[in-house]
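Novice: Questions regarding the structure given below will be posed in turn.
The values are calculated or read from the model by the stated rules, or taken from the named source; none is laboratory data. Note that the coordinates shown come from a computational prediction; the quantities given were computed from them, not determined experimentally. Note that we place each Cβ from the backbone using ideal geometry, even for glycine, and neighbour counts take in every protein chain shown. These accessible areas exclude ligands, DNA and RNA; they are computed on the full protein's heavy atoms, side chains included. Shrake-Rupley method; radii C 1.70, N 1.55, O 1.52, S 1.80 Å.
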Amino acid sequence: MLFPSMCIDEFFKNPDDIVKYANTLTYRPAESGRWPGVRSEPLHRINSDLHRTIGRKLLALIWPNNVDEIVYTKGELYFQKVSNDFVNEGWIHSDDADLTLIIYLSHHKNCGTSIYELNRETIDYAVGEKRIEIFKTKNFKKEKMLVQKNNERYNETISFKSQYNRAICFDAFHYHGAHAYKEENVQEDRLTLVGFYKGFNFTKFGGVEAVRI
């Protein structure tokens, strides 16, 4: 784990315009069932300017004095909507990336994200793989027991609230999960912009350097 966990509010100067744009896009569920809700096309395919701007802002968060020197080999960004049909907490998991970015763009307060550590030596991957079936069939009554069984293996270490226009980033190796996808008196879908980055060319990261001192 190389990257620090970070949080910044007021990430976009024009968040309402970003949301309006997001609502013009076409969304599709994952054919593989790997994630909940629906996602847009990758941002680099449909809005390369916005894709580059977000990537540069992310780099400036971590390397403010070296932002012009940093490149990454792969960055994928998607708008993601999860409807109120998803009534349970999120499955705790890690991502196939180096750095994960989440930007909250709906007016939920308690549908944020937590970081976890494993409290047992082994993981029952068979339980985790059952989420694929759940996300495809939306059998959420069956999910409740399974997601609790999956998540009881972890201890929460960091908690982020889902403040509108808040961005969080963290090492993708960290186990993490959504607190919830629906909230009382909030009718809109939980809208986020999620990003997955790989292959940074910079070898010094704040969290790692700090522990060497």
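Novice: In region 52-69, what count of residues is obtained for those that are crowded, with 18+ Cβ neighbours inside 10 Å and without any contact (Cβ under 8 Å) to a residue 60 or more places away in the chain?
Specialist: Final tally of qualifying residues: 1.
For (1) β-branched (V, I, T); (2) farther than 21 Å from N201 by Cβ; (3) modelled with pLDDT of 95 or more, each residue gets a yes or a no:
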residue	(1), (2), (3)
I46	yes, yes, yes
I62	yes, no, no
Q80	no, yes, yes
L101	no, no, yes
L105	no, yes, yes
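Novice: Restricting attention to region 18-28, does a residue exist that is in contact (Cβ under 8 Å) with a residue 60 or more places away in the chain and either under 16 Å from the mean Cα position of the chain (by Cα) or open to solvent by 40 Å² or more (accessible area, probe 1.4 Å) (or both)?
Specialist: No - not one qualifying residue is present in region 18-28.
Novice: Name the pairs: first residue in region 172-185 and among the hydroxyl-bearing types (S, T, Y), second residue assigned to a loop (DSSP other than H, G, I, E, B) and open to solvent by 50 Å² or more (accessible area, probe 1.4 Å), Cβ to Cβ under 8 Å, at least 6 apart or on different chains?
Specialist: Correct list of pairs: Y175/S94; Y181/V87.
Novice: Does region 106-125 hold any residues that are open to solvent by less than 40 Å² (accessible area, probe 1.4 Å) and either more than 12 Å from the chain's Cα centre (by Cα) or among the polar types (S, T, N, Q) (or both), and which are they?
Specialist: Hits for region 106-125 are S106, H108, T113, S114, Y116, I123.
Novice: Still on this structure, I have one more. Residue under question is F3, and the condition is that it be crowded, with 19+ Cβ neighbours inside 10 Å, of a type in the set (F, W, Y) and outside any loop (DSSP other than H, G, I, E, B); does it hold?
Specialist: It is false that F3 is crowded, with 19+ Cβ neighbours inside 10 Å, of a type in the set (F, W, Y) and outside any loop (DSSP other than H, G, I, E, B).
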